[in-house]
């Protein structure tokens, strides 16, 4: 066997080892759910995120021990790439293998940009184009008794301890799925055999068929002292899309192969980019690969489009730019921060790392970290480029006719809330402000204090959901001390508040929040009426106490009217 073939074989084995370990952690989700071991589930989520880098380091160490300096030969790696491509040619998930290979070469050679001689590029391909066989699934024909079908399908998913009341769940599920008067009756239901787990829930994922069409179907399951319950049924595509969205943590789903599951999920969610689907399944590196490919395709198809400064209030810590026709923003850490930002570059990176490893409860955007990106200089609007070279000189440089970006975060572009409120009618503005308040509560219940609650730090998604995206001052809730404002004497009243009241690091005064928001009176009143407790330190202290006693506060990832065991029938809606 040649050296190139031996290295290629080692890399095939290395990825297989990573994939097996990934699967081991993922499979533990079933036991965590059955035992209500939510702390263990969170630990597994972090361990699985860190696993990829651990396996890359182990593989590089094995290469160095076995082949020594030969592994630093660029010419040799051209041969390795060919041998590796031949070795994985028949693999259904070969794109995952290729991404692993690219990650290794980029670390080995400290690649700046892309090196097509030793990397797999394929910017123009769709990673699932060659997948033709369907993901394993259960199919249920529906006769005259929808409730009996629901009872059967729930029985096919065995959980330790079983369902608390399978008959009641089947009846409630049948009521939720029953067509409204005038709609076609359901003819069949299909569900992936794989159960999807995340945080405190399990999900059965599939779709329902009628004579004239189909709708997505996700059945959410919870577990508690009495056993497993069917908690909700989602049949609206936008709600399912948010469940698999970029503001949610990643699922643990023990898939035999990934590509066919991606194909199935894309059929349910045709507007969702494939990179976000890979991310939702925990395949973060493949998600980065697909996001970069999608960006390159866009640039190729739009040769005259330039990067520009993103709309919104400029930040004191990050510079943000975008492509007007592409739904992403690029965020770079400034070399120097504003005077009110006593933090370091390492602090900022640490906050992004915290978000990646934390339950995002649908309120924190998933930011992917990229290094050594290269773009043509002509692609940048001159004012933007001048600003980057001045404010981010540690991470941006000119390299001939290219711009090299050593480090940045890329995430989905959202409409800043402060701008959105000026553009929409009163009803839409009120809904956005109320969801903004709910977002702060959801984050608090997950153990996160957003820190800077200004409207400019929240964005509105396509579905009208308020999502936080500025992590400069984000921190764990346990680190905060929520205090009431003390009464001031006559002399202190005349002083600025920061001089009249002593505030130690970590002190937070919720009563001050409203005065910085700049809401017009009607919106201000609506926020106070619905979420007034946010401005009372007692509410925050109560949430802290619950979390400190190990009682995680549930933040359901779907609207209350989708829950099955509630008075009245779930609201019907077209898919």
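Whether any residue in region 232-243 is crowded, with 21+ Cβ neighbours inside 10 Å, outside any helix (DSSP H, G or I), modelled with pLDDT of 95 or more and on the phi > 0 side of the Ramachandran plot is what I want to check.
No, that holds for no residue.
Looking at region 157-169, which of the residues that are in contact (Cβ under 8 Å) with a residue 40 or more places away in the chain and within 11 Å of residue 147 (Cα to Cα) is farthest from the chain's Cα centre (by Cα)?
Residues of region 157-169 in contact (Cβ under 8 Å) with a residue 40 or more places away in the chain: 157, 159-165, 168-169.
Okay, now just the ones that are also within 11 Å of residue 147 (Cα to Cα), so 168-169.
Values: 168: 33, 169: 30 Å.
Checked region 157-169; the qualifying residue farthest from the chain's Cα centre (by Cα) is 168.
Those residues that are surrounded by fewer than 18 Cβ atoms within 10 Å (Cβ to Cβ) and either closer than 12 Å to residue 173 by Cβ or free of Cβ contacts under 8 Å to residues at least 12 places away in the same chain (or both), I need them from region 141-150; list them, please.
Hits for region 141-150 are 143, 144, 145, 147, 148.
Mind telling me which of the residues 213, 143, 182 ends up being modelled with pLDDT under 95 and in contact with a helix residue (DSSP H, G or I) (Cβ under 8 Å, 6 or more places away or on another chain)? Even if it seems obvious, please write down each step before you answer.
Working: 213 fails: in contact with a helix residue (DSSP H, G or I) (Cβ under 8 Å, 6 or more places away or on another chain); 182 fails: in contact with a helix residue (DSSP H, G or I) (Cβ under 8 Å, 6 or more places away or on another chain).
The unique qualifying residue is 143.
Could you check region 446-461 and list, in sequence order, the residues that are more than 20 Å from residue 547 (Cβ to Cβ) and either in contact with a strand residue (DSSP E or B) (Cβ under 9 Å, 6 or more places away or on another chain) or in a helix (DSSP H, G or I) (or both)?
Matches in region 446-461: 455, 456, 457, 458, 459, 460, 461.
Restricting attention to region 380-393, which residues are touching a strand residue (DSSP E or B) at 6+ places or on another chain (Cβ under 8 Å) and surrounded by fewer than 17 Cβ atoms within 10 Å (Cβ to Cβ)?
Of region 380-393, the ones touching a strand residue (DSSP E or B) at 6+ places or on another chain (Cβ under 8 Å) are 380-381, 383-385, 387-389, 391-392.
Residues satisfying the conditions are 381, 383, 389.
Does residue 443 satisfy being in contact (Cβ under 8 Å) with a residue 40 or more places away in the chain, buried (at least 20 other Cβ atoms within 10 Å of the Cβ), within 27 Å of the chain's Cα centre (by Cα) and not in a strand (DSSP E or B)? Don't jump to the end; show me each part of the working.
Values: in contact (Cβ under 8 Å) with a residue 40 or more places away in the chain: yes; buried (at least 20 other Cβ atoms within 10 Å of the Cβ): yes; within 27 Å of the chain's Cα centre (by Cα): yes; not in a strand (DSSP E or B): yes.
Yes.
Residues in region 410-427: is at least one in a helix (DSSP H, G or I), more than 21 Å from residue 313 (Cα to Cα) and touching a helix residue (DSSP H, G or I) at 6+ places or on another chain (Cβ under 6 Å)?
No: zero hits.
So which residues in region 398-409 are loosely packed, with under 15 Cβ neighbours inside 10 Å, in a strand (DSSP E or B) and touching a helix residue (DSSP H, G or I) at 6+ places or on another chain (Cβ under 8 Å), if there are any at all?
398
State the number of residues belonging to region 244-258 that are outside any loop (DSSP other than H, G, I, E, B) and either more than 19 Å from the chain's Cα centre (by Cα) or crowded, with 24+ Cβ neighbours inside 10 Å (or both).
Going through region 244-258 one residue at a time, the tally reaches 1.
Scan region 389-438 for residues that are touching a residue at least 12 places away in the same chain (Cβ under 8 Å), under 19 Å from residue 333 (Cα atoms) and over 27 Å from the mean Cα position of the chain (by Cα) and jot them down.
Selection gives 391, 393, 394, 398, 403.
Could we say that residue 193 is modelled with pLDDT of 90 or more, crowded, with 18+ Cβ neighbours inside 10 Å and either in the same structural domain as residue 252 (by TED's automatic domain parsing) or within 24 Å of the chain's Cα centre (by Cα) (or both) here?
No: the conditions fail for residue 193.
How many of the residues in region 100-118 are assigned to a loop (DSSP other than H, G, I, E, B) and surrounded by fewer than 19 Cβ atoms within 10 Å (Cβ to Cβ)?
Matching residues across region 100-118 total 8.
Assuming residue 321 fulfils every condition listed in (1) farther than 19 Å from residue 49 by Cα; (2) outside the structural domain of residue 342 (by TED's automatic domain parsing); (3) touching a strand residue (DSSP E or B) at 6+ places or on another chain (Cβ under 9 Å) apart from one, which condition is it?
(2)
The values are calculated or read from the model by the stated rules, or taken from the named source; none is laboratory data. Keep in mind that what you see is a predicted model, and the values were worked out from it rather than measured. Counting neighbours? That spans all protein chains shown, and the Cβs are built from the backbone with ideal geometry, glycine included.
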